[in-house]
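**Student:** To start, I am sharing the structure in question, which I have written as structure tokens.
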Amino acid sequence: MALGTPQNPYDLVIIGGGINGAGIARDAVMRGLSVALFEKNDFSTGATWASSGMIHGGVRYLEQDPTVTKKSCYDSGLIQKIAPHLLFRVPFLFPVGPNNFSNRVMLELAEVYFDTYDRYAPLKGGAPHSRLTKQEALAVEPGLPEHIIGAVTTDEWGIDSPRLTFINVQDAKERGADVHNYHEVVGFLRDDGSSDKRGAVRGVRVRDRVNGGEREVYGRITFNATGAWAEKTANKVGAEMCRVRPGKGIHLLLAGRVTNYAIIADAIDGRQIFIAPHQNVTYIGTTDDDYWGDLDDIPVLEDEVKYLLDGIRPVFPSVDKYRIIDTTVGCRPTLYDDNKYESQLSRDHAVYDHEVEGVPNFMSIAGGKLAAYRLMSEHAVDEICQKLGIEAECRTHLEALPGGEAHDLTTDAFEEVGLGKYAAGRILYRHGSRSDQILAMMRKNPEWTTIVDPSEPVTEAELRYVMRDEMVATLDDCKRRSRLGQGLDGGWSATLHAAEIFCDEKGLSQRDRFDVALSFQRARWKDREGIERDEQLAAEMVGQTWFFEAGGALGADATALFNEPAAQTSAVATQVEKASSRESA
């Protein structure tokens, strides 16, 4: 009998495909529950995408919320074991200067503070802190100002958060969960057959944004893992316990790795911010502001850009010499509290069972951090299993995520088919043990070793692999699977070739490649429009003219890229619909 019917409901229906929804789906299906997950966009397009990409303890939480630091360090250590291929070290420096009495005292206090943080380092496999003299600090990070008197180091871990999310989704799917991106929950099924705010929740009404149409999906428990949208989602069924204070955060992305170490700085309001090398770019982050606007269209504001640059300049004076190529923006689902500044809010999480307020079979999660997602998922599924009367232990820390299994594949195997060591290393980083499937494609089709996006780099074989096997519905989804278009040129040099591959894989006409390419770059423009001005804006227009008008895509309308967000969203939706209608035909 088909699952999801009134007679045979899923054990668990999850709303939201960020890191929490993905982690809960994996944990639940590993315990034997039947699971369906629905995400209205692509996986990892909310706060997970906009995160700092670190599974760290959070040194800045140590003073006011040490429990969060301990939980994050503990879970970081477990995540490293199940996804070792996705990890990379991020050494941090906390510089102190100039030379005066208060800063000399500050340097002594900083060492005491980081000595306390070291107590948690073994949990996350971190190295203990070190104290550096001025000369030592300038030797390891020449970009520091000359007036410093010393620095203290600490050790953290970076990760590709969109891929971490996807491999949780992938594992859940391979274990039997029904997972869907581009499926929006538009209503709830209630005991009395109405969609009004009364009666027990029996499931959801889902709209397929790709193929169109709606369907009813029944579940014993409906779980709200929608992040910053969690309170609004809960309110739709008459639940009020789940309250969040959405905390807007932006990052600026600089071209290339401009520092050797991540550097901690103080913003004008005293908040800790940082500049950090991350994969092939450099992050500057992050802001933390209450946000009550449209969560589906969050702008990057000029004063936020200035806030970050002004805070970084004292510790990295040459920051203005480097080009800002991109931004990320999202909202943290921070737990609600009154009479506190945003940075003082707890980063802990909470799981809510709304039956206590008269909404049976409906639960929510809010709060938390990327670094503790697995622990949060375990807590949520513990509560779900208790409600369903199921006894099963969590095993998410014991079994590797896809790609995390032990393997002996090295860059040498890729070099044998003509791929350079660096490009091969990036494939191994993203796909781990499953890189052998991409290698097999290259051996069968040697021309697929071609580098499509040289700034990442991304090969044709990897693009075809993710399009076939990783639930790619739009070319923009490849950004989150392979970092297509995330490099120095914003993907301009890769867009048309990538669009041609997409059309080939999805059964579209090559005449559609211009629509696909434009749709991809419109989505990329949305990430850049908040920071591009003057010379950089001119360079952007030159880039779009060169890669599109020269290819015959735009004709005289070279400014088509700079449409309003609504038009951009419409263009992406059109691309999804074209690809899906051709596949279904």
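**Student:** Considering (1) more than 28 Å from Glu141 (Cβ to Cβ); (2) buried (at least 23 other Cβ atoms within 10 Å of the Cβ); (3) in contact with a Leu (Cβ under 9 Å, 6 or more places away or on another chain), say which one Val319 fails and leave the rest.
**Tutor:** The single condition Val319 does not satisfy is (1).
**Student:** Right, here's the next one. For residues that are touching a residue at least 60 places away in the same chain (Cβ under 8 Å) and under 25 Å from Thr233 (Cα atoms), tally how many sit in the range 292-319.
**Tutor:** 4
**Student:** Separate question: In this structure, is Val217 in contact with a His (Cβ under 8 Å, 6 or more places away or on another chain) and among the hydrophobic types (A, V, I, L, M, F, W, C)?
**Tutor:** no
**Student:** Additional query: Inspect all residues belonging to the range 244-254 and state whether any of them is within 30 Å of Phe88 (Cα to Cα) and charged (D, E, K, R).
**Tutor:** Yes - at least one qualifying residue is present in the range 244-254.
**Student:** When the range 34-67 is examined, which residues are found to be of a type in the set (Phe, Trp, Tyr) and in a loop (DSSP other than H, G, I, E, B)?
**Tutor:** Of everything in the range 34-67, those that are of a type in the set (Phe, Trp, Tyr) and in a loop (DSSP other than H, G, I, E, B) turn out to be Phe43, Trp49.
**Student:** Does any residue in the range 167-178 that is at positive phi come within less than 6 Å, Cβ to Cβ, of a residue that is of a type outside the set (Phe, Trp, Tyr) six or more places away or on a different chain, and which pairs are these?
**Tutor:** Matching pairs, first to second residue: Gly176/Val29.
**Student:** Could we say that Asp294 is on the phi < 0 side of the Ramachandran plot and assigned to a loop (DSSP other than H, G, I, E, B) here?
**Tutor:** When the stated conditions are applied, Asp294 passes them.
**Student:** Listed residues Ile15, Ile19; which is over 15 Å from Thr396 (Cβ atoms), of a type outside the set (Lys, Arg) and in contact (Cβ under 8 Å) with a residue 24 or more places away in the chain?
**Tutor:** When all the criteria are applied, what remains is Ile15.
**Student:** Are any of the residues in the range 96-114 among the acidic types (Asp, Glu) and over 28 Å from the mean Cα position of the chain (by Cα)?
**Tutor:** Yes, the range 96-114 has at least one match.
**Student:** With (1) assigned to a helix (DSSP H, G or I); (2) free of Cβ contacts under 8 Å to residues at least 60 places away in the same chain as the list, and Arg481 as the residue in question, which single condition is left unmet?
**Tutor:** (2) is the only condition that Arg481 fails.
**Student:** If you don't mind, another one. All but one of (1) of a type outside the set (Lys, Arg); (2) surrounded by fewer than 16 Cβ atoms within 10 Å (Cβ to Cβ); (3) in contact with a helix residue (DSSP H, G or I) (Cβ under 9 Å, 6 or more places away or on another chain); (4) over 22 Å from Asp27 (Cα atoms) hold for Gly150; state the number of the condition that does not hold.
**Tutor:** (2)
**Student:** Scan the range 111-137 residue by residue and report those that are at pLDDT below 95, in contact with a strand residue (DSSP E or B) (Cβ under 6 Å, 6 or more places away or on another chain) and surrounded by fewer than 21 Cβ atoms within 10 Å (Cβ to Cβ).
**Tutor:** Glu111, Ala127
**Student:** What are the residue pairs meeting all of these: first residue in the range 392-410, first residue touching a residue at least 60 places away in the same chain (Cβ under 8 Å) and crowded, with 21+ Cβ neighbours inside 10 Å, second residue part of a loop (DSSP other than H, G, I, E, B) and of a type in the set (A, V, I, L, M, F, W, C), Cβ atoms under 6 Å, and 6 or more apart or on different chains?
**Tutor:** Leu401/Ala83; Gly404/Ala83
The values are calculated or read from the model by the stated rules, or taken from the named source; none is laboratory data. Since this is a predicted model, take the numbers as computed values, not measurements. As a convention, Cβ positions derive from the backbone with ideal geometry for all residues, glycine included, and neighbour counts pool all protein chains shown.
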